[in-house]
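We did not get these values from a lab; they are worked out from the coordinates using the rules stated. Being a predicted model, the structure only gives us computed values, none of them experimental. Every residue, glycine as well, gets a Cβ built from its backbone with ideal geometry; the counts of neighbours run over all protein chains shown.
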Amino acid sequence: MTSVPLYKMFIDGKWVGADSGETFEVINPANERPIARVPKGGKSDVKKAIDAARNAFDKGEWPHMTPAERTAVLWRLADLVEKDAPNIARLESMDVGKTIKYARDSDLPFIVDNLRFFAGAARAMEGKAAYEYADFHAKREHKGMGLSFIRREPIGVVGAIVPWNYPLYIAVWKIAPALAAGNTMVIKPATHTPLTTLRFAELCEKAGVPKGVLNVVTGPGELVGAELASSHKVDMIAMTGDTSTGRKIMEYASSNVKNVHLELGGKAPMVVLQDADVDAAAEGAVVGAFWNTGQDCTAVTRVYVHEKLYDKFTKLVVEKAKKFRIGDPLSPSTDMGPLISERQRERVEDYIASGIKQGAKLVYGGKRPAHMKKGFYIEPTIFTNAPQHSKICQEEIFGPVLTINKFKTVDEAVASANDVMYGLASSVWGSDIRACLEVAKRLDFGTVWINEHGVLVSEMPHGGFKQSGFGKDLSMYSFEAYTRLKHVYVDMTGRARKPWHYVVYGEQ
């Protein structure tokens, strides 16, 4: 109980324990050992955090700062995160089980870039031009009788719920635009992975984010998340997670018809056309399928390969998968770490078993690596000839499991790629860019990469269609999602009786 650090929650500028006094352990999935204890927040803790955010928005300075002032705070925050990046990366690696090179060289640079992007976005809010639009046709003699303009304002209190696969990375996707726009926030990190979000709150405090503007409550989703999503004092809920949880969040949010922003599950296809560079496509498949141990909603999960390339492609993918080095995530030579928990590993193993049962051919992996005696590890796993209706082709596994199927015609490939309930991300590979663009147009996914899979940038939106949710993370489209539009009209005539009043009473 006392051998690991005890963390606290951050509410209204103070570091506090749960009202109940309860805590829970955070486990390193690589060795199954506890690395921290954190407060087990409950409804009363969430209510305190919401009240703090509500007060900071209604009575505080943050929403009324100039964009330049908020920008300065966010720039300081980005600098602090950049300086502390090695420590944050190590903490993230221990908390999630992702490799240190992935956390250090992928997640952290993007987090810093995203903070700086939205720091600048705060000073580039756009709206329709001010103009005299109203014309009441009163003998056509008084055109432009009123001045209209748009105010883009913060929404208010934003509740954010983030997943365990990219704890700080995705938290910043929500925190950065929300704070840049002048909102206040309560954020619930995933139960398994709260540590880097708590560290980020420390850096927010150092950067000068006023008290109550950002609040972090740790604890189980059925208590913390549900209270956050259903509260009448919360104006918007932003959540990244699985689709079933997204449905629950929508139900809770209906209590006061709050704004909802959801980035949910995925089942990303990869279409390999007949003229594709086979080696490049195979490289893209193994990288896209097995990064972060496959725990990514945009990960390649299904590959549809033209029949003329199928055998060569499959052989290359298996050869490349065999090169993955599974081990301690903190070792710079490790390519793949563990899954997040024993429960998640068992879930992935159940999917592997169902694939075999439903007729798919297991050509590589599917087992726990023999050399890893501790930790929630699973091998990269590759199936061929998986029936389109099978669970491993239709459902989000969230582990390193890849299916490879062949196709004869592009129509067949596109139909199979679109034949899932998800619509988050996809890719198409080929030498004829016009053919690739045509396939990209037909793929029903929010992101389509061509001859690449997985690249995200702060300037471009990320979000899905169908049951992958709605709303966008990243880009100015995300920034706009955390603002509301207000039309302001100014009478320019100075008259008591306006030319149009006759339509209500009296004569023209």
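Points worth noting:
- The magnitude of the dipole of the chain, with charges of +1 and -1 set on the Cβ of Lys/Arg and Asp/Glu and taken from the Cα centre, is near 560 debye.
- In the chain, taking the dipole from charged Cβ atoms about the Cα centre, the farthest positive-side position among Ser468, Leu402, Ala53 is held by Ala53.
- Counting only Cβ charges, +1 for Lys and Arg and -1 for Asp and Glu, the dipole size of the range 1-119 around its Cα centre is about 140 debye.
- With a cut-off of 13 Å between beta carbons, the residues surrounding Val112 carry a summed charge of -2, where Lys and Arg count +1 and Asp and Glu -1.
- Theoretical FRET efficiency, 1/(1+(r/R0)^6), r = Cβ-Cβ of Ser333 and Asp12, R0 51 Å, to 0.05: 0.70
- Sequence-distant residues sharing a close amide H with Ala160 (under 5 Å, placed H): Val186, Ile187, Lys188, Ala238
- Normalised contact order of the chain, rounded percent, pairs of Cα under 8 Å and 6 or more residues apart: 17
- Each residue of the range 273-290 was assigned a 3J(HN,Hα) from its phi angle through the Karplus expression (A = 6.51, B = -1.76, C = 1.60, θ = phi - 60°), giving 6, 4, 9, 6, 6, 5, 5, 5, 5, 5, 4, x, 5, 6, 5, x, 7, 10 Hz with x at Gly and Pro.
- Considering helices alone, the calculated mean residue ellipticity of the chain at 222 nm is -10500 deg cm²/dmol, with DSSP H runs of length four and up weighted by -39500 (n - 2.57) and normalised per residue.
- Checking every one of the GluC sites (Glu not before Pro) in the range 253-307 against DSSP loop status and a limit of 16 other Cβ atoms within 10 Å picks out Glu307.
- Greater than 21 Å apart at Cα, pairs in Lys43/Lys472; Lys14/Lys47; Lys188/Lys466: Lys43/Lys472; Lys188/Lys466
- Summary of packing: across the peptides 115-126, 13-24, 482-493, the per-residue average of other C-beta atoms within 10 Å ranks them, highest first, as 115-126, 13-24, 482-493.
- Assigned charges on the beta-carbon of Lys, Arg, Asp, Glu; the range 268-450 dipole about Cα centre (debye): 580
- Cross-link pairs beyond the 28 Å C-alpha cut-off, checked among Lys367/Lys406; Lys211/Lys258; Lys267/Lys406; Lys101/Lys391; Lys128/Lys233: Lys101/Lys391; Lys128/Lys233
- For the range 5-22, 3J(HN,Hα) per residue [Karplus equation, 6.51 cos²θ - 1.76 cosθ + 1.60, θ = phi - 60°, Hz, x = Gly/Pro]: x, 9, 8, 10, 7, 10, 9, 6, x, 10, 9, 9, x, 6, 4, 6, x, 7
- Long-range amide H partners of Arg484 with built H, under 5 Å: Glu153, Ile155
- Packing rank of 403-410, 290-297, where each peptide gets the mean count of other beta carbons within 10 Å, highest leading: 290-297, 403-410
- Qualifying GluC sites (Glu not before Pro) in the range 424-481, where qualification requires a DSSP coil assignment and no more than 15 other C-beta atoms within 10 Å, comprise Glu452, Glu459.
- Distant-in-sequence amide contacts of Val363, defined by a placed amide H-H separation under 5 Å and a gap of 5 or more residues or a different chain, comprise Ile382, Phe383, Thr384.
- This ranking places Lys258, Lys267, Lys98 by how few other beta-carbon atoms lie within 10 Å of each, fewest first, which gives Lys258, Lys267, Lys98.
- Here the label points at Arg123 and Ile433, each 7 Å from Cα along the C-beta direction, are separated by 3.4 nm in the simple model.
- Formal net charge of residues neighbouring Gly13 (Cβ-Cβ distance under 10 Å; K, R +1; D, E -1): 0
- The HN-Hα couplings worked out from phi for the range 322-332 by the Karplus form 6.51 cos²θ - 1.76 cosθ + 1.60 (θ = phi - 60°) are 5, 7, 5, 9, 9, x, 4, x, 7, 7, x Hz, whole numbers, x standing for Gly and Pro.
- Most positive-pole-ward Cα, Phe118, Leu264, Pro189, against dipole of the chain from beta carbon charges: Pro189
- Nearest-ten-degree value, helix 310-321 long axis tilted from longest Cα axis of the chain: 90
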